[in-house]
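To start, the structure under review is shown below, and the notes come after it.
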Amino acid sequence: MRVLSGIQPTGNLHLGNYLGAIRNWVKMQDEMDVATDSGSACFFFLADLHSITVHEERDTRIRNVREMAAALIACGIDPDRSVLFNQARVPAHAELAWLLNGTARIGWLNRMTQFKDKAGKNREGASVGLFVYPVLQAADVLLYQATHVPVGEDQKQHLELTRDIAVKFNTDFGVELFTLPEPYIPKESARIMGLRDGSAKMSKSDPSDMSRINLTDDDDTITQKVRKAKSDQEMLPEQAADLAGRPEALNLVGIYATLTEQTPDAVCGQFAGQGFGAFKPALAEVLVETLRPIRERFIALKDDDAALDALLVKGAQKARAVAQPTLDGAYAALGLLR
Ligand code: TYM
């Protein structure tokens, strides 16, 4: 079993990233550690090569990579037990992505909904990088022979593409080089929605900061965002199934359930017959208590550039060693002599 996942170091980590992905990374790290007693089973990285599809100033990008590393450690990723690195320090990602461009089909990439969402109406003006972004993502996963990839629902299609690329490459060149990865997407936290609109996922690109809870928000800001979150006038039902047609209510109950490790049914059972006037303060309290220690650790870590760079360099060394045999195998299968 090999766990691998990545996150773009653009802007703040928000509650959607945390509940949808990072919390599961930490759980898997902790479980794997017990199961294998080995420090190299989980690979987590900052997708800085992917981040070039969003325009950023040089200094901002440098800062974002360090801050996202600090944020992941604050959330519980332990660089001594997991391999934590940034893609740019492991050239094999870019190299394998190029090799896989010979296998990926334009028709497959044309079906990627994230490209359509991100490119919007101005498709001709989108960068080539944005279009081939999923091929780099496939390289990220296949390089390490990852078996389990913990992500939010929005990454599912990219992982299906990764499997298609792996199967076609293995078949076309008659090799068993790439392992087929499984996405790991727990149902309750697969898609955390924004606080202002229960039909749009929580995202760092939403122009309204009130739509998301950032891991850097202080206690008052969190409480205020929950108080102002869109909800409805109805009471909470006995069972979560009766929340159908109430997307905002369903989202808030889902967030509470995930944070307290209960089912949405159990949360409904607890608050049945009460309105959001009672539920929101309870939700705000759980959020504040969960996020405060993470924020405090983050603040303590984020400005130590030398320490953050040093651990990313060390992580990249380990990652390079694991990635190399797969990259060599891909060159060899293609008949590219070096
Ligand atoms: P990114 O940086 O957009 O998001 C990081 C992780 O957070 C999850 N996520 C969510 N989960 C639930 N609800 C939400 N509202 C929400 N918003 C974000 C994402 O699903 C993701 O798991 N392309 C990837 C990064 C990447 C990657 C990879 C992931 C690059 N290579 C290889 C896995 C394997 C991305 O942009 O995630």
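The values are calculated or read from the model by the stated rules, or taken from the named source; none is laboratory data. From a predicted model like this one, the values you see are computed outputs, not experimental measurements. Here Cβ is always computed from backbone atoms with ideal geometry, including for glycine, and neighbour counts include all displayed protein chains. With ligands, DNA and RNA removed, areas are computed over all heavy atoms of the protein, side chains included. Shrake-Rupley method; radii C 1.70, N 1.55, O 1.52, S 1.80 Å.
Could you rank the peptides 66-79, 242-255, 302-315 by their average count of other C-beta atoms within 10 Å per residue, with the highest value first?
On the way: 66-79: 21.9, 242-255: 19.1, 302-315: 15.4.
Ranked by mean Cβ neighbours within 10 Å, highest first: 66-79, 242-255, 302-315.
Tally Lys and Arg at +1 and Asp and Glu at -1 over the other residues with C-beta under 10 Å from the C-beta of E153: what net charge comes out?
Details: positive: K156, K187, R191, K201; negative: D154.
So the environment of E153 carries a net charge of +3.
Straight-line reach only, C-alpha to C-alpha below 26 angstrom: list the lysines that K121 could link to, leaving out same-chain residues fewer than 8 apart.
Qualifying lysines at Cα under 26 Å: K156, K201, K204.
Antiparallel DSSP bridges in the chain: what percent, to the nearest 5?
Details: 2 of 15 bridges.
Of those bridges, close to 15 percent are antiparallel.
Taking amide H positions as placed 1.01 Å from N in the peptide plane, with prolines and chain starts having none, which residues 5 or more places from E182, or on another chain, fall under 5 Å of its amide H?
Residues meeting the amide H criterion: H148, V149.
Set the Förster radius R0 to 22 Å, insert the Cβ-Cβ distance between A300 and I62 as r into 1/(1 + (r/R0)^6), and round the FRET efficiency to 0.05. Don't skip to the answer; put the middle values down first.
Working: r = 20 Å, r/R0 = 0.91.
That gives a FRET efficiency of 0.65.
Compute the signed sum of charges (Lys and Arg +1, Asp and Glu -1) over the other residues within less than 14 Å, Cβ to Cβ, of S231.
Details: positive: R196, K225, R227, K228, K230, R246, K280; negative: D197, D232, E234, E248.
Net charge around S231: +3.
Computing the accessible area with a 1.4 Å probe over protein heavy atoms, can you report the carbon and sulfur percentage for the chain?
Values: 8050 of 15360 Å².
Ligands and nucleic acids excluded, carbon and sulfur give 52 percent.
Identify all aspartates and glutamates with a Cα-Cα distance to K230 below 16 Å; exclude those on the same chain that are fewer than 8 residues away in sequence.
Of all the aspartates and glutamates, those that pass the test against K230 - Cα under 16 Å, at least 8 places apart if same chain - are D197, D206, D209, E248.
Using each residue's phi in the range 58-74, evaluate 6.51 cos²θ - 1.76 cosθ + 1.60 at θ = phi - 60° and report the 3J(HN,Hα) Karplus result to the nearest Hz, with x for Gly and Pro.
Per-residue couplings from phi come out as 3, 5, 5, 5, 4, 5, 4, 5, 5, 5, 5, 4, 4, 5, 5, 5, 4 Hz.
Amide H of K201 versus every other amide H placed in the peptide plane: which residues, excluding those fewer than 5 positions away on the same chain, fall under 5 Å?
Excluding prolines and chain starts, which carry no amide H, the hits are G194.
Which ³J(HN,Hα) values, rounded to whole Hz and listed in residue order, are derived for the range 144-161 from phi using the Karplus coefficients 6.51, -1.76 and 1.60 in 6.51 cos²θ - 1.76 cosθ + 1.60 with θ = phi - 60°, glycine and proline given as x?
For the range 144-161, the Karplus-derived couplings read 9, 6, 5, 9, 10, 10, x, 9, x, 3, 5, 9, 4, 5, 5, 6, 5, 4 Hz, x marking Gly and Pro.
Rounded to the nearest whole Å³, what is the per residue volume of the convex hull around the Cα atoms of the range 97-142? Mind dumping the intermediate values first?
Working: hull volume 3.3 nm³, N = 46.
Taking the convex hull of the Cα positions in the range 97-142, it is 72 Å³ per residue.
Taking amide H atoms as placed 1.01 Å from N in the peptide plane, list the residues 5 or more away in sequence, or in a different chain, whose amide H sits under 5 Å from that of G6.
F45
Under 8 Å for C-alpha pairs, at least 6 residues apart: give me the relative contact order for the range 209-299, rounded to a whole percent.
Dividing the mean separation by the residue count of the range 209-299 yields 38 percent.
So what is Rg over Rh here for the range 209-299, counting just Cα atoms and using Kirkwood for Rh?
Details: Rg = 13.2 Å, Rh = 13.5 Å.
Ratio of gyration radius to Kirkwood radius for the range 209-299: 0.98.
How big, on average over all directions, is the shadow cast by the Cα convex hull of the chain, in nm²? Before the final figure, lay out each step's value.
Details: hull surface 72.4 nm².
For the chain, the mean projected area of the Cα convex hull comes to 18.1 nm².
Relative contact order (percent) for the chain, with alpha-carbon contacts under 8 angstrom and 6 or more residues of separation? Mind showing how you got there, number by number?
Details: 513 pairs, mean separation 78.6, N = 338.
Computed over the chain, the figure is 23 percent.
Which whole-number percentage describes the relative contact order of the range 224-274, with Cα contacts under 8 Å and a sequence gap of 6 or more? Can you show the working numbers first?
Values: 48 pairs, mean separation 22.9, N = 51.
It rounds to 45 percent for the range 224-274.
Leaving out ligands and nucleic acids, note down the accessible area per residue over the chain with a 1.4 angstrom probe, in whole Å². Walk me through the intermediate numbers first.
Working: 15360 Å² over 338 residues.
In whole numbers, the chain has 45 Å² accessible per residue.
Output wanted: per-residue J couplings in Hz (rounded whole) for the range 323-329, from phi through Karplus 6.51 cos²θ - 1.76 cosθ + 1.60, θ = phi - 60°, x for Gly and Pro.
These are the phi-based 3J(HN,Hα) values: 6, 4, x, 5, 4, 4, x Hz.
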